[in-house]
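Here the structure comes first, spelled out in structure tokens, and everything after it is commentary.
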Amino acid sequence: MTQTWDVVVVGAGPAGSTAARVLADGGRSVLLLDKASFPREKICGDGLIPDALNALRRAGVYRRVVAEGHQASVLSAFSPHNIRVDVPGEFVTLRRDRLDHVLLQAAMARGARFEQARVTALHADDDGGVTVSLAGAEHDIRGRIAVVATGANLSLLRQAGLAQRRRPSAVALRCYVRSPVTIDALVISFHRAILPGYAWIFPMGDDEYNVGCGVFYRGGRKASVNLRTTFATFSEAFPLARELLAEAEHVSPLMGAQLRCGLDGAAARHSTRILSIGETIGATFPFTGEGIGKAMETGEIAARQIERALVEDDRRHLTGFADVLERELAPRYTGYRVAESWLARPWVNDLVAGRVRRSPRLQRAVAGVLNESIDPRMIFSWRLFVPEWLPWKPRDADWAR
């Protein structure tokens, strides 16, 4: 490992493995580092919605993920007063230990080299490269460019002086249970005890379920929230959760993790040698808390910018990475923040659920939000109150507005 690598990627989650795969597929020498051996456990809801499934198609692993995972065709959302809205679509659940291992293997198959190692420091060198220091290693590693994809952990960015927003956006926890109760849909509950946030019950197949909840640090919600108490309240008060858990065997304990959402203020200052991607820059969506698809997309965008920088020997493509994110992805996060601000209020949440439940047009629009053909702002606006007989129709989203 004494060579100078074109790119050293720190963190082998969906963002890091995606960037490594794309770069290696283009002929670049890529070293992918992670402190864990794979497969490894990752706290997540395990739900894959259309943007993640599309990213998996581009990665060439969609069929494998679908074969290993559990498919569902409906997402059922419940308002605070349990008004149910069924949203059709393509959804897949797969444990993150399996999903991340599949993505890592895809990167290695394209030529990226993986090593288990804990990175302790990144240093931008005077000669234009990057030195990567490893715990317990006799020698440092050299790279022309480094990519940080360490999830919610910003320790490397802080040490390098590149972290902007240190506080996480949300916190979530989940457990796996096995229950004879059958639930076919992905279930979302906007229970009062959890707002601003939601709880979920996701079927994993073979009578196993991922059950959890997460809250956003908005609307006066303090970072000291006791999420275990919140989960217990939801488990008792939400009928489906109460029925499922009454006969359930716990496969795993409750485990929690922090989330970084929205790209707003969470993006690191990008240098001419170090980029950060995925949840490290807040790639997780507000409102849904889904981050796999957008993490992979930031990895793809970063790989594209890095390739341009190396081909043209012009590091301005790296400092322009943030501008590309702003242009290509940021408008989508704006739409989801609007949706989150609406649904964080219980009475508004109930109102929206009631309107959507009675309107086939709005039901199609909500499905369009999940498959990213409709901007959430097309629904969470005056259009929500347009009578069904008027001619307004949801159109493809103009995300740049």
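Quick check: net charge around residue 64, other residues with Cβ under 12 Å of its Cβ, Lys/Arg +1 and Asp/Glu -1? It would help to have the intermediate numbers written out before the result.
Working: positive: 57, 63, 98; negative: 68.
Every neighbour counted, the sum reads +2.
Sort all Cα-Cα distances of the chain into consecutive 20 angstrom bins from zero, then give the percent of pairs in each bin up to the one containing the longest distance.
In order of increasing distance, the bins hold 28, 56, 16, 0 percent.
Would you mind counting up the charge near residue 353? Only other residues with Cβ under 14 Å from its Cβ, with Lys and Arg at +1 and Asp and Glu at -1.
So the environment of residue 353 carries a net charge of +4.
Which value, in debye to the nearest 20, describes the size of the charge dipole of the chain about its Cα centre when Lys and Arg Cβ atoms bear +1, Asp and Glu Cβ atoms bear -1, and nothing else is charged?
1040
Which residues make up the longest stretch of the chain that has no GluC sites (Glu not before Pro) in a DSSP loop with at most 12 other Cβ atoms within 10 Å?
Between exposed loop sites, the widest span is 248-387.
Taking the Cβ of residue 245 as the centre, find all other residues whose Cβ is under 12 Å away and add up their charges (Lys, Arg: +1; Asp, Glu: -1). Walk me through the intermediate numbers first.
Numbers: positive: 178, 242; negative: 236, 243, 247, 249.
Once all neighbours under 12 Å are counted, the net charge is -2.
Just to verify a number: FRET efficiency for residue 57 and residue 127, C-beta to C-beta distance, R0 = 35 Å, to 0.05?
0.30
Suppose we keep just the DSSP beta bridges with both residues in the chain; what percent of those would be antiparallel, to 5? If you can, show how the numbers build up before the last one.
On the way: 45 of 67 bridges.
Once the DSSP bridges in the chain are tallied, antiparallel ones form about 65 percent.
Taking the chain as the reference, fit the longest principal axis to its C-alpha atoms, fit the long axis of helix 227-237 to the helix C-alpha atoms, and give the angle between the two in degrees, 0 to 90, nearest 10.
30
Among 9, 78, 387, whose Cα sits farthest toward the positive end of the charge dipole of the chain (+1 at Cβ of Lys/Arg, -1 at Cβ of Asp/Glu, about the Cα centre)?
Value: 387.
Which whole-angstrom value gives the distance between the alpha carbon centres of segment 120-171 and segment 1-45?
14
Can you list the residues, at least 5 places off or on another chain, whose amide H is less than 5 Å from the amide H of residue 216, using H built in the peptide plane?
Sorted by chain and number, the residues that satisfy this are 197.
Sequence gap at least 6, Cα distance under 8 Å: using those rules, report the relative contact order of the chain to the nearest whole percent.
Once divided by the residue count of the chain, the mean separation gives 19 percent.
Hey, what did segment 1-132 get for relative contact order, percent, Cα under 8 Å, at least 6 apart?
Answer for segment 1-132 is 33 percent.
Tell me what the chain gives for mean residue ellipticity at 222 nm when only DSSP H runs of n ≥ 4 count, each as -39,500 (n - 2.57), the sum divided by the residue total, rounded to 500 deg cm²/dmol.
Counting only the DSSP helices, I get -10500 deg cm²/dmol.
Just want the answer: with Cβ charges of +1 for Lys and Arg and -1 for Asp and Glu, which residue in 69, 44, 134 is farthest toward the dipole's positive end in segment 1-143?
Highest projection toward the positive end goes to 69.
Laboratory data are not the source of any read-out in this text; all were calculated from the coordinates shown. No experiment lies behind these values; they were computed from the predicted model shown. Cβ coordinates were reconstructed from backbone atoms using ideal geometry, including for glycine residues, and neighbour counts include every protein chain displayed.
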